[in-house]
1. Go over the candidates 316, 232, 290, 283 one by one and state the one that is more than 29 Å from residue 144 (Cβ to Cβ) and either touching a helix residue (DSSP H, G or I) at 6+ places or on another chain (Cβ under 9 Å) or at pLDDT below 95 (or both).
2. Identify all residues within segment 570-582 that are in a loop (DSSP other than H, G, I, E, B) and crowded, with 20+ Cβ neighbours inside 10 Å; write none if there are none.
3. In segment 531-543, how many are surrounded by 12 or more Cβ atoms within 10 Å (Cβ to Cβ) and closer than 19 Å to residue 521 by Cβ?
4. Quick check on my filter: what residues within segment 286-307 are part of a loop (DSSP other than H, G, I, E, B) and exposed (fewer than 15 other Cβ atoms within 10 Å of the Cβ)?
């Protein structure tokens, strides 16, 4: 087998020059007449966002990280010509630890195959599950998926097999299958990475699902902000058709299944099933009351099953390895693995896949590597996106499964996880997420359209130093009302950040209202912008950071803030490592 050089060329890699890195490898190998000895493979992102990751597979596998185009000549000279490791870019212990406790099922091919070459996917057992499916009965496949215990990974946590069964038992000549790739949560990039790195896995899951429920046509609803994902999906669809895995009479089985990509315009509410259906039909994406549910009456009034990207990417593994294999992973009620997007104040930003039941602490301090700044203290984690909840350090040992997370007041969501340290104001965070849901509300129902805006105004008053105790009572009364009366999931879950911060961080609300103080020094109108002499180390870092010369300082002296020049930009706060500015 030819040696390989794997270059991660996903959105993350491209932004760091991955295309040029791959091009330079080809150029340098030509110079030494070794191009025929190595196959350069442009993979998707591997998961850890360490600029460009390069793996050279020859007599062994060697990983280089943070590779720049200018490094390629030295890597080729050292590794290939002199048979020595290029230590400057060699993967470190942190890189190894990131992958050590992961169990990659959905992410198995990420960073391993060229997503634009179907032969690479076939080498990894691609479309074997489709072959097996087409030789089996619909009942057998449905039972395997049901017995696996796979729950929807889009946030709902409903059993996939049960959901498929609803549509399967309905007699109708036309049924539809939709892949929901409308990923809009701040800090979430699970769907994007899977579609960019392993698009055929999603297609294979859709073909199997279509066969099982009796659907002959499917849509992939992917937001237009993911151009690389859409490009690679189009290539994968074309290749799957050319190889007989998609289209009419697949593998001479008599089963036909076709796919179309629908590029969404970026409305967060279109992640909700009925709004998504409306968008595909050419209408404004606004939710509709349920029942009837889409499985009974969905797209164009026909039975429709909607699954998200991660759910569908699991299907081929269940069919190939069996329901018992999948059910043996995770916990009894939350089987399998879950992909999370780690973001925020964490050392390792990226995608991780761990068995259900892994604790929040194990995830943050395992693959996540802990806090980015070791001198800061962990404060909270936001789970479930803008409609999720903020959990404190006291709940860090909570197992990550649907039931345990729901008990805390947060939700699993699609897998976004934002880590926060002591410099985070929890009221400001609640305000940030509520501002997002207010902007993304379709405005169809009054509780969401009006209620969320009123709550946002209250949070703004609190962070501006104008909060009262009546505001707290208003938030406590309004939150459950909106949850109970909103039309769709956006409104029903939007109060979660407020409810969880009120529950777990009440002292911060008290400080903002009664002491006019923000302990995290985030809310600008509650800051004094003065130097604390006893804490000032006379280092001058604040002086160097100030953009308006408002900091007056001389070597060996305590700094002073000139209020006439200060624009309250907080640059001095960010520069000071000793909490000497208040």
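The values are calculated or read from the model by the stated rules, or taken from the named source; none is laboratory data. Because the structure is a prediction, the values reported are computed rather than measured. As a convention, Cβ positions derive from the backbone with ideal geometry for all residues, glycine included, and neighbour counts pool all protein chains shown.
1. Working: 316 fails: more than 29 Å from residue 144 (Cβ to Cβ); 232 fails: more than 29 Å from residue 144 (Cβ to Cβ); 290 fails: more than 29 Å from residue 144 (Cβ to Cβ).
Among 316, 232, 290, 283, only 283 is more than 29 Å from residue 144 (Cβ to Cβ) and either touching a helix residue (DSSP H, G or I) at 6+ places or on another chain (Cβ under 9 Å) or at pLDDT below 95 (or both).
2. Step one: of segment 570-582, the residues in a loop (DSSP other than H, G, I, E, B) are 570, 576-580, 582.
The answer is 576, 580.
3. First, the residues of segment 531-543 that are surrounded by 12 or more Cβ atoms within 10 Å (Cβ to Cβ): 531-532, 535-543.
In the following step, the residues that additionally are closer than 19 Å to residue 521 by Cβ were identified as 531-532, 535-537, 539, 541-543.
So the count comes out to 9.
4. Correct list: 289, 290, 291, 292.
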